[in-house]
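Just below is one structure, and these are the notes that go with it.
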Amino acid sequence: MPYTQHKRHRFSMVIKSEVQGTMSESSDAQTAVENLCARVQEQLTVVDAEEYNQALVEILGSNEEKRKLDKSPEQVEEVLVRSFQDHFESRKLLMDLVASDVKQALDVFERLPLKTVSTFVDCFPNADDTLPLLKELRTRIHYGEDPHVQYLLNVVLQLLNRFNYSFEQVGFLVHELCLRIKEPDVKSLMLLIFSELNKRFPAKFNERLLDFTDSLVVESEVGIGSDPISEIVDILTELYPVLTTLCSNILLGKNLKAQLEKKLMAQDDDDFTISLLKLFSIACIDETVRAHLAENYMSVLERSLKVERFRIYSALVLIKTWSFSSMQNIDVNALAEYLIEGFNGSEFENEEDMNICIEGLAYLSLKTSVKIKLRNSLFSCEKLVRLAKSKEITSNFYGVLVILANLSASPKQSKGSTAFDAGAMRDLKSYSDLKTPTEMEADNTIESEDDVFKFNQKYLLQNNLLSDLNSLIGSITHGSKQQLIRIIYNISSNKKFIQESIKQGSVTAILQYMTTKEVAKDPIRVLASRSLAKMLVYTNPSIIFKKYSPVNAISPLFELLPRSTTTQEEPFFDEDVLTVNDSFNALLALTNLASLSGSQGEDVCRRIATNEQYWSTVEALMLDENIMLQRSTLELLSNLMSHPKPIAVKFFNFENQRSVRNFEILVKLLELDDVESQRAVAAIFANISVSVPFIAQELLKRQNLLAKAVEVLHNQTDDVELSERLILLLHALTDVITTDNLELGSYLIGNKKLIDALNKASHMADLDPQFSELIPIILERCQC
């Protein structure tokens, strides 16, 4: 921005902008600044320190004529930054020049980009050296004539972060910044500065701010000052998100409360009324304030609904108090109508009105009756989609996603015991961290599953909205990512939509989300894992993982499994939200991943077998008391055995105590009452014996296994699949018995029970020919 000369000589500038034209006394010859910049750009190397020093003197020296020589802001920035970085001598000179005339140095630096703030602050070695700078900053902030207040406040913030001050040295900021609260550049940085002051000096900062607001209340009481109550409202509105307790203490003060009510009842200042309603809305993050509003302002808020200009603001406050039973002349559905009407009528340019309506509907759309209203409003649905598909992510994007997530949730999901229902929203960060009361108001409205199905199909899938949202997963806030995962979960809950959800990039979005661990105990991670598991259960993983490694899906799936007691890592969410069905689906998904052929399947097997946390979980689940989980674990192991190299050592390394223990467990599990689990165990032994002959030789030495296998085949020939697996195992074992080592097969050769079982199996009508053909071969080998 071109410099405009100010009336006060105190802040006269010393840098000439190229857009100003030629200043007097400019030289035809190249200046030291221009020469240095040209040399640096040409050589791209460090130039001699003396050239830096000459350029610095032109910019910050005492010779006014030199300071007036032509130099652009870009050139000045390059000289100052490079002088600090490139040479010890030039850095020392820069620091000396800044210290010798802080006022002039600030005049120069404040016209440069904000990235130079750190260089400027680096010029001060310690807190004592910055005291002249603090004095100058205080003067400029107080007078309010310096147009570069954003730069000044960034300097203040960096000083607070780098140096230790007493409160007496920096306490002036409380009064001075509060007086300028209505300025956007001040407002944006005041919260950060006050947050730092509160962290450093909590008691003194609180006392100073309370004293200041008390003085404004007194001014209001005696009728002096320029609207001091509005000033307090603006201050509290800005500070509430970070300094909640302090702001609530001020807001609930008896004298301020009286002045607020007096000004509100006067009804002569609409702008103040709107500002106060905005403050009330933000203050609802505090339960005490929410209760205070419900007790003292409900009638006023209800009456203000009749004034069109106040309507949506009042509606939002009523919603956020969450005291619908206290309302006398209005109900939830009427509030929803006001907000839907406001949302449909608000223009895209009127962002504030739209944000108010979206925030209110984000809360109300937790209620079934409001969901139905929104889904039935064609205009509202289409507008939500347009906002969600907008290329420019605005401040209302998060709220739009919350509404879409609420509308896309099925009734079964909301009412089921495994659901992430509306009540769980209390665990999420919302606009103002509204703490939802422990009990939701009763909502007996019946919701149609078909309506939700049609909404998801029309608005989320057919127009590729899900695809558009998934493509943003890397660039949106964590809160928005959470809502996107909720949407994916809602859509994937219906098997008919899973293929389309995958096609529109949901697997990639989930895996990206799961790599970020921004929030401890993140309740949304379980939804991401559930969605991924369901996609992998109902889809061939080879279709999904064409561009990405299936290994990336293992960790999210193991998050759904019961944690082993030996695991030391903190869980990503409370385990009490997990269900048996979650673990069952995760095991089925892992089993499908293990079925992948080639290097992909090998990688999956290796990751599970070599990760101690994963493997401990698998070992524990082999003995799980839940038959369904135990069976699924054994089926997973069976598929893992198709890639034997990484997994075989976990069961068939007979020199390792843990491996031997696992082997003995498998042998015992061959006699489980659950026949499907028996099949899985038999398949494990069969697969490894076929794949690795030397392990088959070792198994011939394990009489407990041989005895169990023969016993089961003899007693359970009625189960075709189990018999087929045992026949394959016995064929692989007898295949490694040679004439040179007949003693290796001593248990099987001539075993009458085995021969009887094989003869009986040969008469099974449903036995697959490829297995029935093996029986004569085994018999021949065993009758030698």
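Computed from the coordinates by the stated procedures, all read-outs in this text should not be read as laboratory data. Please read all numbers here as calculations on a predicted model, not as lab measurements. Positions of Cβ are generated from backbone atoms using ideal geometry, with glycine treated the same way; all protein chains shown enter the neighbour counts.
Against the longest principal axis of the chain, how steep is helix 308-321, in degrees 0 to 90 to the nearest 10, with axes from Cα atoms? That helix lies at roughly 50 degrees to the long axis. Each Lys or Arg adds one and each Asp or Glu takes one away; over the other residues whose Cβ falls under 15 Å from the Cβ of Asn540, this sums to +4. For the chain, the longest principal axis of the alpha carbon atoms and the long axis of helix 720-735 meet at an angle near 80°. For segment 641-784, the number of Lys pairs separated by eight or more positions or lying on different chains, with C-alpha atoms closer than 30 Å, is 18.
Counting beta carbons within 10 Å around each of Arg39, Arg563 and listing the fewest first gives the order Arg39, Arg563. Against the empirical curve 2.2 N^0.38 Å, the C-alpha radius of gyration of segment 191-305 lands at a ratio of 1.05. How many angstrom lie between the C-alpha centres of segment 227-271 and segment 332-385? The two parts, judged by their Cα centres, are 28 Å apart. In plain terms, the residue of Ile193, Ile330 with the fewest other Cβ atoms within 10 Å comes first and the most crowded comes last, giving Ile330, Ile193. Axis of helix 378-389 versus longest Cα principal axis of the chain: the two differ by about 90°, to the nearest ten degrees.
The reciprocal of the average 1/r between distinct C-alpha atoms defines the Kirkwood hydrodynamic radius, which for the chain equals 32.6 Å. Going by the alpha-carbon gyration tensor, a ≥ b ≥ c the square roots of its eigenvalues, is segment 79-213 rounded (a/c under 1.5) or, if a/c is not under 1.5, prolate (a/b greater than b/c) versus oblate? In terms of gyration-tensor shape, prolate. Within the same chain, lysines fewer than 8 places from Lys521 are excluded, and of the rest, those with a Cα less than 24 Å from its Cα are Lys415, Lys429, Lys435, Lys481, Lys534.
Calculated [222 nm] ellipticity per residue, helices only, for the chain: -19500 deg cm²/dmol; basis is -39500 (n - 2.57) per DSSP H run with n ≥ 4, divided by all residues, nearest 500. Structure shown: which of Lys391/Lys454; Lys306/Lys367; Lys496/Lys546; Lys115/Lys383; Lys367/Lys503 lie over 29 Å apart, alpha-carbon to alpha-carbon? Going by Cα-Cα distance, Lys115/Lys383; Lys367/Lys503 fall outside the 29 Å limit.
First check a/c for segment 337-382, with a ≥ b ≥ c the square roots of the eigenvalues of its C-alpha gyration tensor; if it is under 1.5, answer rounded, and if not, answer prolate when a/b is larger than b/c or oblate otherwise. Verdict is oblate for segment 337-382. Electrostatic tally near Ala594: other residues with Cβ closer than 12 Å to its Cβ, Lys and Arg +1, Asp and Glu -1, net -1. Test of the criteria: in segment 290-345, which trypsin sites (Lys or Arg not before Pro) are in a DSSP loop and have at most 13 other Cβ atoms within 10 angstrom of their Cβ? Of the trypsin sites (Lys or Arg not before Pro), the ones in loops of segment 290-345 whose Cβ has at most 13 other Cβ atoms within 10 Å are Lys306. Each other residue within a Cβ distance under 15 Å of Ile647 adds +1 if Lys or Arg and -1 if Asp or Glu, for a net charge of 0. Residue ranges 757-768, 390-401 sort as 390-401, 757-768 when ordered by packing (mean number of other C-beta atoms within 10 Å per residue, highest first). Find, to one decimal place in angstroms, the Kirkwood hydrodynamic radius of segment 641-784, where the mean of 1/r is taken over every pair of different Cα atoms and then inverted. For segment 641-784, inverting the mean 1/r across all distinct Cα pairs yields 15.1 Å.
Sorting 260-271, 480-491, 126-137 by average packing, meaning the other beta carbons within 10 Å per residue, from highest down gives 480-491, 126-137, 260-271.
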